[in-house]
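Working notes, beginning with the structure itself.
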């Protein structure tokens, strides 16, 4: 029997250990790797080529939605299951738009995780009942047709810049993380402020958190050490 390989991504070690214990108790499943932030998830998804990525939303450096977009951009056939404590309608809608095939909450029973993995293994979708109700309510109330026009003008790259700025990183650190020049990051920040009609980073932090543009983890990772040596 072919082994079903799973990459588990969460910035909390205890969550990763819990998922690992559930997965490894199931015949034919294995954890092929773990990641603690969004960029690490993207790198390992590309390198390890798992059958499924179990992905949290609220992570440092690049949140789960951003990681999902990058992973699926690199391989649209990749299957992603969101395992999170965030059932906000905007989060659900953006996950669906990104191509996420399953969505369950950390408060759901362990059997829901097993059912979700089984469903995605068989090529179908899985949404926990509370999540499905939230999505259905959105359609019934037409909320999905009334987006926040300012937020929807943000590009995926601008959202990544916002995530890092909200985590307290400097312009230079943001440039390093995203592989951009400092000038490009400054241009992104200017465009972000203009689109959201804000005038300071403090206003940006408050606006981003209130409107679920970013997802703040309780364990924000430090930036990798920069090589400042001069050749």
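Every number here is computed from the coordinates shown, using simple stated rules; none is lab data. Fair warning: this is a prediction, and the values are worked out from it, not measured in the lab. For neighbour counting, all protein chains shown are included, and Cβ atoms are generated from backbone atoms with ideal geometry for every residue, glycine included.
Structure notes:
- If you plug the beta carbon distance of residue 209 and residue 47 into 1/(1 + (r/R0)^6) with R0 = 25 Å, you get a FRET efficiency near 0.20.
- One decimal place: the segment residue 184-residue 122 gains 18.0 nm when fully extended, by the rule 0.36 nm per residue minus the C-alpha distance.
- Model label sites at residue 77 and residue 130, defined 7 Å from Cα along the beta-carbon direction, differ in position by 3.6 nm.
- For the range 149-210, the square roots a ≥ b ≥ c of the C-alpha gyration tensor eigenvalues yield an a/c of 1.5 or more together with a/b exceeding b/c, which makes the shape prolate.
- Neighbour counting of Cβ atoms within 10 Å sorts the residues 69, 157, fewest neighbours leading, into 157, 69.
- Once the Cβ-Cβ distance of residue 194 and residue 115 is raised to the sixth power relative to R0 = 35 Å, the FRET efficiency obtained is 0.20.
- Annotation: extensible slack from residue 107 through residue 170 equals 19.2 nm (criterion: 0.36 nm per residue apart, minus Cα-Cα distance).
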